[in-house]
Amino acid sequence: MTHFADCARSIRTTIIENEWIAKDTRRIRFLAPEMAASVVPGQFFMIRNPAGNDPLIGRALALYNRSPAPQPISSQSPAPPVDHDRSPPAAAGWIDLVYLVKGKLTSSLAKLRPGSDIAVWGPLGNGFPAAPVDHLVMVAGGIGQTPFLTLAQEALGNAKFGDAGNRPMGYTPQVSLCYGARSQEYLAGLEDFERAGVELHIATEDGSRGIHGRVTLPLEQLLQNEQRSGKSVRVVCCGPEPMMEAVAELAARYAVPCQVSLETPMACGIGICFTCVAKVGTTADWDYKRTCVEGPVFDAAEILWH
Ligand SMILES: Cc1cc2nc3c(=O)[nH]c(=O)nc-3n(C[C@H](O)[C@H](O)[C@H](O)COP(=O)(O)OP(=O)(O)OC[C@H]3O[C@@H](n4cnc5c(N)ncnc54)[C@H](O)[C@@H]3O)c2cc1C
Ligand code: FES
């Protein structure tokens, strides 16, 4: 069994692309052949801009996508030279992250151009379990869709993850994404999910696309339908904490297993500082667990939200 940080490495590498894909949202692609070969859905990377010291500590960003068919590590060729005047051609062994530009690190990342360096440490964290089910329902709020593209690719059998080869693929015939955002301009990567074969159920708070309201509305419709059909369902969820709590309650009401990917702020990323803890257990018997080491993915039924 692979454990936290078994495959982690610290690299300084080259940015290939850094594009706007939605309002305040960019997708950054960098060369990282060994990371692309070993990462599994739900893991994350600690990212720094090596050109400055503010912020000094890295920020966690989840794996969004990686090159479709990474070469075996032994046969990888060195990274191609970078043309600083334009984006380099498509290269094997890249990683994509998607980030909302909001604070110090993400604002400085947004200014980096193809050919610049980025400091990356990972892959870190436990990732999602690869559990067979009739219908995998992914629920995202805001930028919380990022860990789900590769999970859908794996679950639908489009891609295999993890170079240890011990993760199954193609364990789910149907994958849906219930995706909630403030308005349609914040919806990022819809075409990537459609291309992967994911059924989209959109909800926006201003009604500019999909259902007018919260993402729990399409989720409850799906859970009701599947309760009638008798299909087995698993819910995975990532987004703002109140939304994850509401999704966890809905899943419990419909007796459906649910995992949440927590986005607690992190400092060290290696289990030392306890900045990232969440209360995990039962009200009678709980403990602090570190999101960076024991998470970020936890069984929703075990999270004490308050
Ligand atoms: C496992 C994991 C995966 C994640 N994956 C992603 C992902 O894929 N994409 C993504 O976009 N994010 C992701 N995040 C969240 C991301 O790590 C944080 O949002 C990170 O803080 C952003 O870094 P930053 O330096 O840009 O923002 P920070 O500077 O750290 O700011 C974070 C928040 O604090 C506020 N803030 C900053 N300074 C102050 C201040 N002085 N007073 C008041 N408020 C302040 C900012 O406005 C912002 O809302 C993930 C987090 C975790 C733990
Ligand atoms: S970030 Fe330091 S223990 Fe998790």
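The values are calculated or read from the model by the stated rules, or taken from the named source; none is laboratory data. Note that this is a predicted model, so its numbers are computed, not measured. Cβ: placed from backbone, ideal geometry, glycine included. Neighbour counts: every protein chain shown. The accessibility values were calculated without ligands, DNA or RNA, using every heavy atom of the protein model including side chains. Shrake-Rupley method; radii C 1.70, N 1.55, O 1.52, S 1.80 Å.
Overview of values
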| item | result |
| --- | --- |
| Restricting the range 246-265 to residues that are open to solvent by 30 Å² or more (accessible area, probe 1.4 Å) and either at positive phi or in a loop (DSSP other than H, G, I, E, B) (or both), the residue that is nearest to ligand 2 (Cβ to nearest atom) | Pro265 |
| Breaking point among (1) away from ligand 1 (no atom under 16 Å from the Cβ); (2) in contact with a Leu (Cβ under 7 Å, 6 or more places away or on another chain), for Arg253 | (2) |
| Any pair with Cβ under 8 angstrom, 6 or more apart, that starts in the range 167-194 at a residue that is over 15 Å from Leu151 (Cβ atoms) and ends at one that is basic (Lys, Arg) and open to solvent by less than 60 Å² (accessible area, probe 1.4 Å) | Ala188/Arg27 |
| Filter pass, Val139 being within 16 Å of ligand 1 (Cβ to nearest atom), in contact with a helix residue (DSSP H, G or I) (Cβ under 7 Å, 6 or more places away or on another chain) and farther than 22 Å from Ser176 by Cα | no |
| Count of residues meeting criterion [open to solvent by 20 Å² or more (accessible area, probe 1.4 Å), in contact with a Lys or Arg (Cβ under 6 Å, 6 or more places away or on another chain) and in contact (Cβ under 8 Å) with a residue 60 or more places away in the chain] in the range 7-39 | 2 |
| Residue check, Val235 open to solvent by less than 70 Å² (accessible area, probe 1.4 Å) and either within 15 Å of ligand 1 (Cβ to nearest atom) or modelled with pLDDT under 95 (or both) | no |
| Single residue of the range 270-292 satisfying the filter (surrounded by fewer than 12 Cβ atoms within 10 Å (Cβ to Cβ) and more than 6 Å from ligand 2 (Cβ to nearest atom)) that is farthest from the chain's Cα centre (by Cα) | Ala284 |
| Where a residue in the range 203-228 is touching a residue at least 40 places away in the same chain (Cβ under 8 Å) and in the same structural domain as Pro257 (by TED's automatic domain parsing) and its partner, wherever it lies, is surrounded by fewer than 20 Cβ atoms within 10 Å (Cβ to Cβ) and hydroxyl-bearing (Ser, Thr, Tyr), with Cβ under 6 Å and at least six apart | Leu223/Tyr254 |
| Matching option when the condition is modelled with pLDDT of 85 or more and exposed (fewer than 13 other Cβ atoms within 10 Å of the Cβ), among Ala69, Ala90, Ala51, Ala62 | Ala51 |
| Residues being surrounded by fewer than 18 Cβ atoms within 10 Å (Cβ to Cβ) and within 20 Å of Thr216 (Cβ to Cβ) - total across the range 181-204 | 5 |
| Any hit, the range 119-131, residues being modelled with pLDDT of 95 or more, open to solvent by 10 Å² or more (accessible area, probe 1.4 Å), part of a strand (DSSP E or B) and within 16 Å of ligand 2 (Cβ to nearest atom) | yes |
| Test result for Lys231, outside any helix (DSSP H, G or I), among the charged types (D, E, K, R) and away from ligand 2 (no atom under 16 Å from the Cβ) | yes |
| Residue in the range 132-180 that is most open to solvent (accessible area, probe 1.4 Å), counting only those that are within 15 Å of Val247 (Cβ to Cβ) and in contact with a Gly (Cβ under 7 Å, 6 or more places away or on another chain) | Gly142 |
